[in-house]
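Chemist: I'd like to ask some things about the structure below.
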Amino acid sequence: MQFTVKIISLICLSMFLIGCAQESGTLEFRANGEDFVRQGFISKDGWQIQFDTVNVTVSDVAAYRTEGNFAPVTGEMPDGPSVATNDVHTIDLAAGDTDAEPILVKAVDAEVGHYDAISWSMVNGEDGNTIRLIGSAEKDDQLVNFDIQIEETYAYACGEYVGDERTGFITDGSTDDVEMTFHFDHVFGDFDAPADDYINVGALGFAPLAALATDGMLSTTFGELSNQLTGDEFATLADKLATLGHVGEGHCYEATNGYTDSEG
Amino acid sequence: MLGSSANLVKKNSMRKLTLIASLLIVLLFPATVAMAHGVESVVEIDGTQVTVFAMYDTGEEMSNAQVVVYTPDDPQNGWLTGVADDDGVFAFDIDNALEGRWAVSIRTAGHGEILYLDVAADGTVSAEAGSNGTLRTVLAGVVVVALAGIAYFFSRNSSNIKNDERVPA
């Protein structure tokens, strides 16, 4: 009798432990400035831009399992089981060589499932900036070294990553990632795209910024640019900075300014 | 006098109609004004025949968009890969024996989205209700009907006032 009780107890305990053990893997939060940042590009108005540093500062990065029920249109946050990192991370999107992988922000333990939505905030880093662009731009015989500091904050809620492959799938013991993608071609345009393409029609280009340089150097902030650029130019810059956040080519809703840019 | 009173009523009615219409539009389409060039594809389903109309939110078609269809049981490997035509149209026959949520990835240079389709246990195929394009089509219809009703209401009111004023004292 006692033996039977012990066996049953052992079985029950084993079942309890098995039930408690949740399958999980590792979800990596990554940030990507794409080839525009890593390799440089030519702006819509013909300036060859190279970045030495592209710092973005993010916080409250969360990935969600929404089972496809989230559409980043109305500004609502994704709803579903989630994992997050609330630390403040400043990432240099230009780090590494021209073929560098998207930058690892943080790896977290995550329950199994498909993480098909992500949200993050762009916050002020230690230097007070949410975005900092350091590099050079060249056109004809002109060279402009720039240090552009943006102190505006943004908050993005995004759907599933759209790219060559679907991502965010966690099985027991596996590792996968979710990506915050930053499309800086939105700001400067793309010389390789048609002039009437959306990417160029709404972009600022680099010429308005080059015009502000003194002795080949432009060091400015978002606040200073509000006075230095024309009203239309500054509005364009502000508009396009808010649309930086993407998930690959998938879209996000930018809550601070009420933008949704399904571009990309 | 009679005519000016009727015109005044008519003007007031139109102002009210304009205000109500504006409020309806703002409430139902809060992101419309700030929306940039996005992707808002539409899906039509006829039995197991699925037709994707890949388009930007301007209504412009996403010509030759790359399309990849994923099944519920293998969500990471494409089940079907193809290219939309010049009008952004891509049609395929879904396997409704595979119950669950399907995904359709639609991409072109710098633009993309993922649509979701559901196959029920009985084989019925439906599109995810959160699809932006589909939902907006429904809401647009509601707004039109509402505006028509309001317009009719105010037109009847101004008409009744005109008739009353014509009644001899």
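The values are calculated or read from the model by the stated rules, or taken from the named source; none is laboratory data. Nothing here was measured: the structure is a model prediction, and the numbers come from that model. Counting neighbours? That spans all protein chains shown, and the Cβs are built from the backbone with ideal geometry, glycine included. Only protein heavy atoms, including side chains, enter the accessible area calculation; ligands, DNA and RNA are left aside. Shrake-Rupley method; radii C 1.70, N 1.55, O 1.52, S 1.80 Å.
Chemist: Which one of B:97, B:54 is within 23 Å of residue A:116 (Cβ to Cβ) and either at pLDDT 95 or above or open to solvent by less than 20 Å² (accessible area, probe 1.4 Å) (or both)?
Modeler: Details: B:97 fails: within 23 Å of residue A:116 (Cβ to Cβ).
Step by step, each of B:97, B:54 is checked, and only B:54 is within 23 Å of residue A:116 (Cβ to Cβ) and either at pLDDT 95 or above or open to solvent by less than 20 Å² (accessible area, probe 1.4 Å) (or both).
Chemist: Could you check residue A:30 against (1) out of contact with any His (no Cβ under 9 Å at 6 or more places or on another chain); (2) within 14 Å of chain B (Cβ to nearest Cβ); (3) modelled with pLDDT of 85 or more and say which number it fails?
Modeler: It fails just one condition, (2).
Chemist: Contact list please: Cβ distance under 8 Å, first residue in segment B:56-72 and closer than 11 Å to residue B:90 by Cβ, second residue of a type in the set (S, T, N, Q) and open to solvent by less than 10 Å² (accessible area, probe 1.4 Å), pairs at least six apart or on different chains.
Modeler: Going by the 8 Å Cβ cut-off, the qualifying pairs are B:62/B:41; B:66/B:105; B:67/B:105; B:68/B:105; B:69/B:105.
Chemist: Being away from chain A (no Cβ under 11 Å) and closer than 22 Å to residue B:38 by Cα is the filter here, so list the residues in segment B:65-91 that pass it.
Modeler: Applying the first criterion (away from chain A (no Cβ under 11 Å)) to segment B:65-91 yields B:67, B:69, B:71, B:73, B:79-91.
Result: B:67, B:69, B:82, B:83, B:84, B:85, B:86, B:87, B:88, B:89, B:90, B:91.
Chemist: Among B:31, B:84, which is open to solvent by less than 40 Å² (accessible area, probe 1.4 Å), at pLDDT 95 or above and either within 19 Å of residue A:159 (Cα to Cα) or out of contact with any Cys (no Cβ under 9 Å at 6 or more places or on another chain) (or both)?
Modeler: Details: B:31 fails: at pLDDT 95 or above.
After ruling out the rest, the residue left standing is B:84.
Chemist: Criterion first (open to solvent by less than 20 Å² (accessible area, probe 1.4 Å), within 23 Å of the chain's Cα centre (by Cα), away from chain B (no Cβ under 14 Å) and not hydroxyl-bearing (Ser, Thr, Tyr)) does residue A:206 satisfy it? It would help to see each step written out before you state the result.
Modeler: Details: open to solvent by less than 20 Å² (accessible area, probe 1.4 Å): yes; within 23 Å of the chain's Cα centre (by Cα): yes; away from chain B (no Cβ under 14 Å): yes; not hydroxyl-bearing (Ser, Thr, Tyr): yes.
In short, yes.
Chemist: Another one. Regarding residue A:241, is this residue at pLDDT 95 or above and in a helix (DSSP H, G or I)? Break it down into steps so the answer makes sense when it comes.
Modeler: Numbers: at pLDDT 95 or above: yes; in a helix (DSSP H, G or I): yes.
When the stated conditions are applied, residue A:241 passes them.
Chemist: Additional query: Considering only segment A:96-136, state which residues are of a type in the set (Gly, Ala, Ser) and modelled with pLDDT under 95. Walk me through it before giving the result.
Modeler: Taking segment A:96-136 as the starting set, the residues that turn out to be of a type in the set (Gly, Ala, Ser) are A:96, A:100, A:107, A:110, A:113, A:117, A:119, A:121, A:125, A:128, A:135-136.
Of everything in segment A:96-136, those that are of a type in the set (Gly, Ala, Ser) and modelled with pLDDT under 95 turn out to be A:96, A:100.
Chemist: Looking only at segment A:83-95, decide whether some residue is open to solvent by 30 Å² or more (accessible area, probe 1.4 Å), modelled with pLDDT under 95 and not in a loop (DSSP other than H, G, I, E, B).
Modeler: No.
Chemist: Out of segment A:181-239, which residues are of a type in the set (Phe, Trp, Tyr) and under 25 Å from residue A:249 (Cα atoms)? Please lay out each step first, then the result.
Modeler: First, pick out the residues of segment A:181-239 that are of a type in the set (Phe, Trp, Tyr): A:182, A:184, A:188, A:191, A:198, A:206, A:222, A:234.
Within segment A:181-239, A:182, A:184, A:188, A:191, A:198, A:206 qualify.
Chemist: Then there's this: If residue A:233 satisfies all but one of (1) away from every other protein chain (no Cβ under 14 Å); (2) of a type in the set (Asp, Glu); (3) within 22 Å of residue A:57 (Cα to Cα); (4) surrounded by 15 or more Cβ atoms within 10 Å (Cβ to Cβ), what's the number of the condition it fails?
Modeler: With respect to (1) away from every other protein chain (no Cβ under 14 Å); (2) of a type in the set (Asp, Glu); (3) within 22 Å of residue A:57 (Cα to Cα); (4) surrounded by 15 or more Cβ atoms within 10 Å (Cβ to Cβ), residue A:233 is out only on (3).
Chemist: To continue, here is another question. Looking at segment A:33-73, which of its residues are more than 16 Å from residue A:246 (Cα to Cα), outside any strand (DSSP E or B) and either within 12 Å of chain B (Cβ to nearest Cβ) or open to solvent by 40 Å² or more (accessible area, probe 1.4 Å) (or both)?
Modeler: Of everything in segment A:33-73, those that are more than 16 Å from residue A:246 (Cα to Cα), outside any strand (DSSP E or B) and either within 12 Å of chain B (Cβ to nearest Cβ) or open to solvent by 40 Å² or more (accessible area, probe 1.4 Å) (or both) turn out to be A:38, A:39, A:44, A:65, A:66, A:67, A:68, A:69.
Chemist: Would segment A:176-198 turn up any residue that is within 30 Å of residue A:23 (Cβ to Cβ) and open to solvent by 30 Å² or more (accessible area, probe 1.4 Å)? Let's see the steps before the verdict.
Modeler: Here is the first cut: in segment A:176-198, the residues within 30 Å of residue A:23 (Cβ to Cβ) are A:176-181.
Going one step further and asking which of them are open to solvent by 30 Å² or more (accessible area, probe 1.4 Å), we end up with A:177.
Among the residues of segment A:176-198, at least one is within 30 Å of residue A:23 (Cβ to Cβ) and open to solvent by 30 Å² or more (accessible area, probe 1.4 Å), which makes the answer yes.
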